[in-house]
There are 2 protein chains.
Amino acid sequence: MSETDFPTVDSRLGVTAPRGFRAGTAACGIKASGRPDLSVLAAHAAVPAAAVFTTNRVTGAAVRLSREHLGRRRTMRGVVASSGNANTCTGEQGQADAREMLRLAAGALGCEAEALLLAQTGVIGRPLPMEKVRAGVPQACAVLADGPDADAAFAEAILTTDTRPKQAGVRLDLAGRTVTVAGATKGVGMIEPHLATTLGFLTTDAAVAPDPLQAMLARAVESSYNALTVDGHPSTSDTVVLLASGEAFAGAEAVAAGSPEAEALERALSAVCADLAYQIADDAEGGTKVVVVRVTGAATDGEARSAARAIANSPLVKCAVFGGDANWGRIVSAAGAAGITSGPETMRLSLGGVTVFEAGMPVRTDADRLARVMAGHDIAVHLDLGAGDGEARCLTCDLSPDYIRINAEYTT
Amino acid sequence: MSETDFPTVDSRLGVTAPRGFRAGTAACGIKASGRPDLSVLAAHAAVPAAAVFTTNRVTGAAVRLSREHLGRRRTMRGVVASSGNANTCTGEQGQADAREMLRLAAGALGCEAEALLLAQTGVIGRPLPMEKVRAGVPQACAVLADGPDADAAFAEAILTTDTRPKQAGVRLDLAGRTVTVAGATKGVGMIEPHLATTLGFLTTDAAVAPDPLQAMLARAVESSYNALTVDGHPSTSDTVVLLASGEAFAGAEAVAAGSPEAEALERALSAVCADLAYQIADDAEGGTKVVVVRVTGAATDGEARSAARAIANSPLVKCAVFGGDANWGRIVSAAGAAGITSGPETMRLSLGGVTVFEAGMPVRTDADRLARVMAGHDIAVHLDLGAGDGEARCLTCDLSPDYIRINAEYTT
């Protein structure tokens, strides 16, 4: 699915914009700053849920517990999220604390604990301050509401070192029904002094059964969150959750997999995910520019992905972008080292639409135009390998001294 | 072969310390600075040669020509090296220029051009200044000599952004004969404004046939050069060459593969390669510390390599080392994301011998001792995965704002 098929997103639509959801937050003191750090997103009933988690072998207690719950049931009442402490590498106590959090929320919401998912980011290796969390969970449940203020509060409470909240939504017409897909996310590279962590919370009021919902989410995440790299360091807490309330369908049959409605809904979901991933790249730690790397003409999609990721993760390429340097050599050599089968003779590289390398050699270019491209905020890197039909896309940011300042000056 | 088996290296021994080699250099003007930029290393006759090259699909003309020559013959008279211009992405003209350089050297040395190898590093995408090179090649050949001054001049002339020359050698007794293995190298991350490039020139006066020589070099490089990463960006020009004059054997039979002599020689070669690789990490662009990452207890050596490389290439880990932060979380999570099969429960991590993480949780440590470890110049990271016998080692440096300054402020 190409991005040009995507509907336009609306940043005013947050997690409760789809009907059937409420959100509540609290500032219970997990964050030393006193900012909101506990949030609850609740559907009116248990609804089809889908989720994807980090592939890191080191995972937080929340990821393990959420996986366990989703392994037992495919409908969920909601998600509890806390920020400021990732509850990762905290042993048996951490696992017990995670369970207690969901038991408390289940009590307040009147559902079973296993009908809830948990997402946590922040410092790792430190015990959760449970006396604070025990107060915060019911407090957040007590203020559940829908509407723009609830959306904004939720988007705010999930943040850690992010400099701004990130939400996006799409309204679409699905066979005569107005359906909304929306979400909020956090990220920006690393959080507190520790680990890169991304959380995404997505909602829709379309009616979709759990299996097609999970498939839809997996595909939407593949081209958005999974195509995003800030520093090539996958986190221990990454979680993206999608809940489908079905309220826009008023009891009508759920969207069938493979139907035109499912495709339209998936385009909307992909647009929301792509926009949220862009907002993370745009707020990346120490980042000053967003870089979209597109690799086409690869022998396979796998080779294209490998080349795109190698370019996006190369510190040399990222430093060049920071310095405004149209350094084609670093880009083609990063691709060349990524296990591709084609050589430089068939490559063609353009930066912001200006061809800079072709047929194994640099191309004489309009230096002023190229300087304008590199001075921009969004840098479009397009490398065609000239070998086949494989393609991939990767989203990243530049590498600035601020990244090092942020990540070197902390001590744990 | 563990490093504790390695003989001690002597930094006073350079490429002409083994008998049968001479070196000559010239400053022909490839480098704008006027510093020496053309060098020739010549054996007294065509001798067994072994070489390993970059695996990048984008390669310089020198790499392609040297591969071609080694495909035709296994004995070589010598190596010509130039620095300041990598002759990469220079098309047909670059290939013709490379051939002409070796023809000129062959004329001066009285051998066939295909009995010579070529190594070039520097700016990419710019034509070689052939009028200067044409003067420089015979000039370097005219001053061929052996001894410490010739060694020092050679080690100097191959450098680009390196801040100091790098050489090392080992003297050993091989069945009653005194044999020397020595070498010079360059590296430091990137050169001029462009690409990471490593060159290594190794010599020995032992008699070894081409096949066992190549096998010996491949193994020695695997645990030294191939275990080195400054910024995870493999170059287009990497070349390590080993020439064996046999002069210490005075016509006696060459070392047989698998013999105790071959093993002793390989240990000496491995020691020289390991020392040269260390010198590159120690002079890495923007680097202030050397980090030795050792991963043991992996399910396979491949998993250990993958985990060690992920740790060594993580910008988060490198920033933490720069900041003197004993950030165990970044290290175990980098390993966790590297496709390993074991989880955090069986991991044990130590920094400079101090255990900081065990059984899935951080370990309470002596903070003063840990601070002293992190304040040191050499940081030993040892992660045991507790799963099997696989192990690997990786050498890297930290990431400082100077790296970004060096790589962002240049424009091409």
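The values are calculated or read from the model by the stated rules, or taken from the named source; none is laboratory data. In this text the structure is predicted, and so the values were computed from the model without any measurement. Here Cβ is always computed from backbone atoms with ideal geometry, including for glycine, and neighbour counts include all displayed protein chains.
The rows are residues; the columns are (1) out of contact with any Phe, Trp or Tyr (no Cβ under 6 Å at 6 or more places or on another chain); (2) more than 14 Å from chain A (Cβ to nearest Cβ); (3) modelled with pLDDT under 90; (4) surrounded by fewer than 24 Cβ atoms within 10 Å (Cβ to Cβ).
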position: B:C141; (1), (2), (3), (4): yes, yes, no, yes
position: B:L144; (1), (2), (3), (4): yes, yes, no, yes
position: B:G147; (1), (2), (3), (4): yes, yes, no, yes
position: B:G176; (1), (2), (3), (4): yes, yes, yes, yes
position: B:V188; (1), (2), (3), (4): yes, no, yes, no
position: B:P212; (1), (2), (3), (4): yes, yes, yes, yes
Within segment B:270-290, restricting to residues that are at pLDDT 90 or above and not charged (D, E, K, R), the one that is surrounded by the most Cβ atoms within 10 Å (Cβ to Cβ) is B:V290
Picking from B:V47, B:V58, the residue that is part of a loop (DSSP other than H, G, I, E, B) and of a type outside the set (G, A, S) would be B:V58
Only one of A:L104, A:L70 is farther than 28 Å from A:A209 by Cβ and not in a strand (DSSP E or B), namely A:L104
Subset of segment A:278-301, residues more than 19 Å from A:G324 (Cα to Cα) and of a type in the set (S, T, N, Q), comes to A:Q279, A:T296, A:T300
Subset of segment A:62-113, residues out of contact with any Leu (no Cβ under 8 Å at 6 or more places or on another chain), at pLDDT 95 or above and either acidic (D, E) or within 23 Å of A:F154 (Cβ to Cβ) (or both), comes to A:E68, A:E100, A:R103, A:L104, A:G107, A:A108, A:G110, A:C111, A:E112
Exception for A:G286 within (1) on the phi > 0 side of the Ramachandran plot; (2) within 14 Å of chain B (Cβ to nearest Cβ); (3) more than 19 Å from the chain's Cα centre (by Cα) falls at (3)
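In the set B:G122, B:G136, which member is of a type outside the set (D, E), touching a residue at least 12 places away in the same chain (Cβ under 8 Å) and in a strand (DSSP E or B)? Working first, answer last.
Details: B:G136 fails: in a strand (DSSP E or B).
None of the others qualify; the one that does is B:G122.
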How many residues of segment B:383-412 are in contact with a Leu (Cβ under 8 Å, 6 or more places away or on another chain) and under 15 Å from B:K318 (Cα atoms)? The answer is 4
Next item on the list: Restrict the check to segment A:80-89 and report whether at least one residue is assigned by TED's automatic domain parsing to the domain that holds A:Y225, more than 18 Å from the chain's Cα centre (by Cα) and assigned to a loop (DSSP other than H, G, I, E, B).
Entry: yes
task = Return yes or no: is B:T75 assigned by TED's automatic domain parsing to the domain that holds B:V272 and touching a Gly at 6+ places or on another chain (Cβ under 9 Å)?
result = no
Regarding segment A:273-282, can at least one residue be identified that is of a type in the set (F, W, Y) and farther than 30 Å from A:L13 by Cβ?
no
Of the listed residues (B:A218, B:A304), the one being aliphatic (A, V, I, L, M) and surrounded by fewer than 24 Cβ atoms within 10 Å (Cβ to Cβ) is B:A218
Residue hits (segment A:319-344; touching a residue at least 40 places away in the same chain (Cβ under 8 Å) and either out of contact with any strand residue (DSSP E or B) (no Cβ under 7 Å at 6 or more places or on another chain) or aromatic (F, W, Y) (or both)) are A:C319, A:F322, A:G324, A:D325, A:T341, A:S342
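Table: residues versus (1) closer than 24 Å to B:R74 by Cα; (2) surrounded by fewer than 23 Cβ atoms within 10 Å (Cβ to Cβ).
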{"site": "B:Q95", "(1), (2)": "yes, yes"}
{"site": "B:P127", "(1), (2)": "no, yes"}
{"site": "B:T163", "(1), (2)": "no, yes"}
{"site": "B:L199", "(1), (2)": "yes, no"}
| task | Could you tell me whether A:V293 is over 30 Å from A:G183 (Cα atoms), assigned to a strand (DSSP E or B) and either modelled with pLDDT of 90 or more or within 14 Å of another protein chain (Cβ to nearest Cβ) (or both)? | result | no
(1) modelled with pLDDT under 95; (2) touching a strand residue (DSSP E or B) at 6+ places or on another chain (Cβ under 8 Å); (3) not acidic (D, E) all hold for A:R164 apart from (2)
message = Residue under question is B:P234, and the condition is that it be assigned to a loop (DSSP other than H, G, I, E, B), modelled with pLDDT under 90 and either more than 12 Å from the chain's Cα centre (by Cα) or within 24 Å of B:L395 (Cα to Cα) (or both); does it hold?
response = yes
* Within the bounds of segment B:27-37, is there any residue that is small (G, A, S), more than 21 Å from B:T88 (Cβ to Cβ) and either touching a Gly at 6+ places or on another chain (Cβ under 9 Å) or at pLDDT 90 or above (or both)? -> yes
